[in-house]
Amino acid sequence: MTFTPTSLLITGGAGFIGSSTVRRAVAAGVSKIVVLDALTYAGHRINLGDVMSAVTFVHGNICDAALVNGLFAQHAFDSVIHLAAETHVDRSIESAAEFVQTNVVGTLTLLDASMRAWAAPNANTERRFVHVSTDEVYGSLGPTGHFTESTAYAPNSPYAASKASSDLLVRSFHRTYGLPTVVTNTCNNYGPRQLPEKLIPLMIAHALSGKKLPVYGKGAQVREWLHVDDHADSLWLALTQGAAGESYNFGSGEETDNLRMVERLADTVDEVSGNPKGMSRALITFVEDRKGHDFRYAIDSSKAKAAFGWQPKRTLAHDLRAVVEWYRDNEEWCRLVSSDEHSRFQAAYYKDREGTGGAK
Ligand code: NAD
Ligand code: DAU
């Protein structure tokens, strides 16, 4: 059975994946879309650019119960895609409190509001609450193996622990109150509009401006990379075809270790900028490793493949160059999203790590 959303709340829609998800929902022709976003250092109106006029944008915090309950009353949502979160592992290692507040308390606030709004008397109306989560809740893999939906949760960073906590709250609201929830667990994303504090946009931005490329430890950790627009497609599948109470893993199968990824990005920046070969690779600098650094994540997507025919449309080989070109061509965007807070965090974080890295 396919669910057709008519009044959709998207939280975190001014962020990286949220803005792609808003575009996906607008393209699908949902009649009412409300975006709720606190516009933290990670959220920017500019990310919604062309689709801003197609949505109702609310600048507010998901932890604000009066605001959230009021939005449910005003817009009679039949669906939620919940993406708002604190998302950067390094920030969570520096300070975890905001991660618990937004990711745990904020998720609880949304669950509570949905549960109250969707209680009888309209119990027959179809509804969906999609909670967007991460593969990091499963912990770290060795060189082989994959996470399935039944892999035990073993989060290692404060970020992962806060996401795992929110996933468990979602599970409990389904079991206890019958809330029609769907949880998605997804691998690392790449694409336009990602804040340059995450690996791929940070390396591109640094290489474009001739700054050092800080690789943690020896760069041996492995990540699986999915294009952000494929992630948005997967959330659309989860919303419209996901079964209530289920969780689905979405991966790309495209694994690469960090050093190889950074070398690839450096070479691509040189290609698109007309630099001499090897110029950006020379900027690679090994810095102190991340505390508790998970070695490898890898997703088994068979459940989503069987349920939805899930298959990402984009690949690194075909689409990474366009992503590098996007950052090259959107210098103004990079400047606008580099708030004082963002710049302060970057400067402090990397200053302490210089010169303490492992060797190649
Ligand atoms: P992001 O950091 O780019 O954006 C987060 C958005 O949430 C921002 O617009 C921010 O302003 C908003 N926000 C933060 N706190 C808020 C609050 N208290 N109230 C309202 N809005 C708030 O994040 P992203 O990378 O787009 O990730 C989106 C979701 O996807 C997150 O839940 C994340 O855990 C999950 N996820 C991300 C990845 C990835 O690779 N980036 C992979 C898997 C899952
Ligand atoms: O796996 C999904 C997760 O992917 C999401 O849930 C998170 O929200 C998202 O931030 C991302 O987490 P990671 O920690 O994997 O992403 P990040 O881009 O921060 O780092 C990717 C890898 O690159 C990781 O092994 C650390 C390393 N790294 C990162 C940065 C920023 C470096 O070597 N140097 C860097 O400067």
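The values are calculated or read from the model by the stated rules, or taken from the named source; none is laboratory data. Owing to the predicted nature of the structure, the values given are computational and were not obtained by experimental measurement. Counting neighbours? That spans all protein chains shown, and the Cβs are built from the backbone with ideal geometry, glycine included. Side chains are part of the model used for accessible areas, which takes the heavy atoms of the whole protein and leaves out ligands, DNA and RNA. Shrake-Rupley method; radii C 1.70, N 1.55, O 1.52, S 1.80 Å.
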(message) Can you give me the angle between helix 340-351 and the longest principal axis of the chain, using Cα atoms only, in degrees from 0 to 90, rounded to the nearest 10?
(response) 50
(message) I'd like the accessible area for residue 225, computed on protein heavy atoms only with a 1.4 Å probe and all protein chains in place. Round to 10 Å², please.
(response) 10
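Among DSSP beta bridges whose residues both lie in the chain, state the antiparallel percentage, nearest 5.
Details: 4 of 41 bridges.
Close to 10 percent.
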(request) Would you mind getting the accessible area per residue of the chain, heavy atoms of the protein chains only, 1.4 Å probe, in Å²? (result) 41
(message) Just to be sure I understand the model, the point goes 7 Å from the Cα along the line to the Cβ. What's the resulting residue 148 to residue 52 distance in nm?
(response) 4.7
(request) Evaluate the relative contact order of the chain (contact order divided by residue number), counting alpha-carbon pairs under 8 angstrom at least 6 apart; express in whole percent. (result) 18
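Rg over Rh of the chain, using C-alpha atoms and the Kirkwood radius, what does it come to? Can you show the working numbers first?
Working: Rg = 20.0 Å, Rh = 20.8 Å.
Result: Rg/Rh = 0.96.
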(message) What are the ³J(HN,Hα) couplings of the stretch 260-268, residue after residue, when phi is run through the Karplus curve with 6.51, -1.76, 1.60 and θ = phi - 60°? Round to Hz, x for glycine and proline.
(response) 5, 5, 5, 4, 5, 5, 4, 5, 5
(request) Determine the share of the stretch 227-291's accessible area contributed by carbon and sulfur atoms, expressed in whole percent, with a 1.4 angstrom probe. (result) 45
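Is there a pair in 218/291; 211/351; 198/303 whose C-alpha atoms are over 18 Å apart, and which pairs would that be? Display every interim value, and only then the final one.
Details: 218/291 14 Å; 211/351 13 Å; 198/303 28 Å.
Pairs exceeding 18 Å: 198/303.
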(request) Would you calculate a helix-derived [θ] at 222 nm for the chain, using -39,500 (n - 2.57) for each DSSP H run of n ≥ 4 and dividing by the full residue count, to the nearest 500? (result) -12000 deg cm²/dmol
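Sorted by accessible area (1.4 Å probe), largest first, how do 227, 318, 59 line up?
Values: 227 15, 318 140, 59 110 Å².
The ordering from most to least exposed comes out as 318, 59, 227.
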(message) Under 29 Å between alpha carbons, and skipping anything fewer than 8 positions from residue 32 in its own chain: which lysines qualify?
(response) 163, 313
(message) Using +1 at the C-beta of Lys and Arg and -1 at the C-beta of Asp and Glu, which of 275, 203, 244 has the Cα lying farthest in the positive direction of the dipole of the chain?
(response) 244
(message) Once R0 is set to 41 Å, what does the formula 1/(1 + (r/R0)^6) return for the Cβ-Cβ distance between residue 315 and residue 176, expressed as a FRET efficiency to the nearest 0.05?
(response) 0.50
(request) Taking the dipole about the Cα centre of the chain, with the C-beta of Lys and Arg at +1 and of Asp and Glu at -1, give me whichever of 350, 214, 228 is farthest to the positive side. (result) 228
(request) Using DSSP, restrict attention to beta bridges with both residues in the stretch 199-315 and report what percent are antiparallel, rounded to the nearest 5. (result) 40
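Please compute the length gained on full extension between residue 336 and residue 212, using 0.36 nm multiplied by the number of residues separating them and subtracting their Cα-Cα distance. If you can, show how the numbers build up before the last one.
Details: separation 124, 0.36 × 124 = 44.64 nm, distance 2.14 nm.
Full extension of this stretch gives 42.5 nm more.
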(message) Quick check: the angle from helix 158-177's long axis to the longest principal axis of the chain, C-alpha only, nearest 10 degrees?
(response) 20
(message) Compute, for the stretch 231-360, the length of the dipole vector about the Cα centre, with Cβ point charges of +1 (Lys, Arg) and -1 (Asp, Glu) only. Units Debye, rounded to 20.
(response) 240
(request) Collect residues whose amide H, placed 1.01 Å from N in the peptide plane, falls under 5 Å from the amide H of residue 215; neighbours closer than 5 in sequence don't count. (result) 285, 286, 287
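Please report the carbon-and-sulfur percent of the accessible area for the stretch 114-191; probe 1.4 Å, protein heavy atoms only, DNA, RNA and ligands left out. Spell out each step's value before the answer.
Values: 1650 of 3270 Å².
With neighbouring chains kept in place, the figure for the stretch 114-191 is 50 percent.
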(request) Please give the peptides 68-77, 294-303, 191-200 ranked by average Cβ packing (other Cβ atoms within 10 Å per residue), highest first, as a rough proxy for protection. (result) 191-200, 294-303, 68-77
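Want the number for residue 31 to residue 348: 0.36 nm per residue separation, take away the alpha-carbon distance, what's left?
Details: separation 317, 0.36 × 317 = 114.12 nm, distance 4.47 nm.
Here the segment from residue 31 to residue 348 would lengthen by 109.6 nm.
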(message) Ranking request for peptides 32-39, 232-239: highest mean number of other beta-carbon atoms within 10 Å first, then the rest in descending order.
(response) 232-239, 32-39
